[in-house]
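Following: one structure in structure tokens, then a few remarks.
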Amino acid sequence: MTIKLLAIGKTDSNNLSQLIDEYENRLKHYVKFELELIPDIKNTKNLSEAQQKEKEGEAILKKINPTDALILLDENGKQFTSVDFSNYLQKKMNSGIKQLVFVIGGPYGFSAAVYGNAQGKISLSKMTFSHQMIRLFVVEQVYRAFTILKNEPYHHQ
């Protein structure tokens, strides 16, 4: 199985980029992982929130294959402990999915079309974090999940 993380816009902070890269490299030992950035929508000042969500939604859906399992990172999604998340990933792997795609939306969330194509929603916290920090949190939690599944000490350090 491949795990893909889709996100809108680039990561501006070099420190965050370095940490994301570190966890991406660690993940290579466990699973095929890809981080794909969708360019920011141009001329957003001329767009309403709904129009911006629609344009971002179109860009997201172009990156999704019909066989992908699409999971949205959404404030109203299901919350997991790290151990529960590792079990969730194991079930996804056992189900024979070729590609599990997590998506971080833009500043206003997801369009109705993206919600309509999603097979689940996950919330990392009831708190709000910057979209750039969420990238790091997702990659770290996926890495943590694999170390839990392999009974490695990272989770308890």
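The values are calculated or read from the model by the stated rules, or taken from the named source; none is laboratory data. Computed from a predicted model, the values in this text were never measured in an experiment. Note that each Cβ is placed from the backbone with ideal geometry, even for glycine, and that neighbours are counted across all protein chains shown. SASA here: full protein model, heavy atoms, side chains in, ligands and nucleic acids out. Shrake-Rupley method; radii C 1.70, N 1.55, O 1.52, S 1.80 Å.
Taken over segment 109-132, the criterion of being closer than 22 Å to residue 49 by Cβ and at pLDDT 95 or above is satisfied by 110, 111, 112, 113, 114, 115, 116, 117, 118, 121, 123. Please pick out the residue among 67, 11, 81 that is among the hydroxyl-bearing types (Ser, Thr, Tyr), at negative phi and surrounded by 13 or more Cβ atoms within 10 Å (Cβ to Cβ). Among 67, 11, 81, only 11 is among the hydroxyl-bearing types (Ser, Thr, Tyr), at negative phi and surrounded by 13 or more Cβ atoms within 10 Å (Cβ to Cβ).
Every test in (1) touching a Lys or Arg at 6+ places or on another chain (Cβ under 6 Å); (2) closer than 27 Å to residue 148 by Cα is passed by residue 97 save one, and that test is (1).
On the basis of being assigned to a helix (DSSP H, G or I) and either open to solvent by less than 50 Å² (accessible area, probe 1.4 Å) or of a type outside the set (Lys, Arg) (or both), does residue 142 make the cut? So residue 142 passes the test. Of the numbered criteria (1) more than 19 Å from residue 121 (Cα to Cα); (2) within 16 Å of the chain's Cα centre (by Cα), the one residue 7 fails is (1).
Yes/no per residue for (1) of a type outside the set (D, E, K, R); (2) more than 15 Å from the chain's Cα centre (by Cα); (3) modelled with pLDDT of 95 or more:
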| site | (1), (2), (3) |
| --- | --- |
| 49 | no, yes, no |
| 64 | yes, no, yes |
| 69 | yes, no, yes |
| 80 | yes, no, yes |
| 90 | yes, yes, yes |
| 104 | yes, no, yes |
| 107 | yes, no, no |
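The numbered conditions (1) more than 16 Å from the chain's Cα centre (by Cα); (2) in contact (Cβ under 8 Å) with a residue 40 or more places away in the chain are all true for residue 25 except (2).
This table checks each residue for (1) open to solvent by 30 Å² or more (accessible area, probe 1.4 Å); (2) farther than 23 Å from residue 11 by Cβ.
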{"position": "76", "(1), (2)": "yes, yes"}
{"position": "87", "(1), (2)": "yes, yes"}
{"position": "92", "(1), (2)": "yes, yes"}
{"position": "100", "(1), (2)": "no, no"}
{"position": "117", "(1), (2)": "yes, yes"}
{"position": "124", "(1), (2)": "yes, no"}
{"position": "131", "(1), (2)": "yes, no"}
{"position": "156", "(1), (2)": "yes, yes"}
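Taken over segment 41-62, the criterion of being touching a residue at least 12 places away in the same chain (Cβ under 8 Å) and either surrounded by 13 or more Cβ atoms within 10 Å (Cβ to Cβ) or touching a Cys at 6+ places or on another chain (Cβ under 9 Å) (or both) is satisfied by 41, 52, 53, 54, 55, 56, 57, 58, 59, 60, 61.
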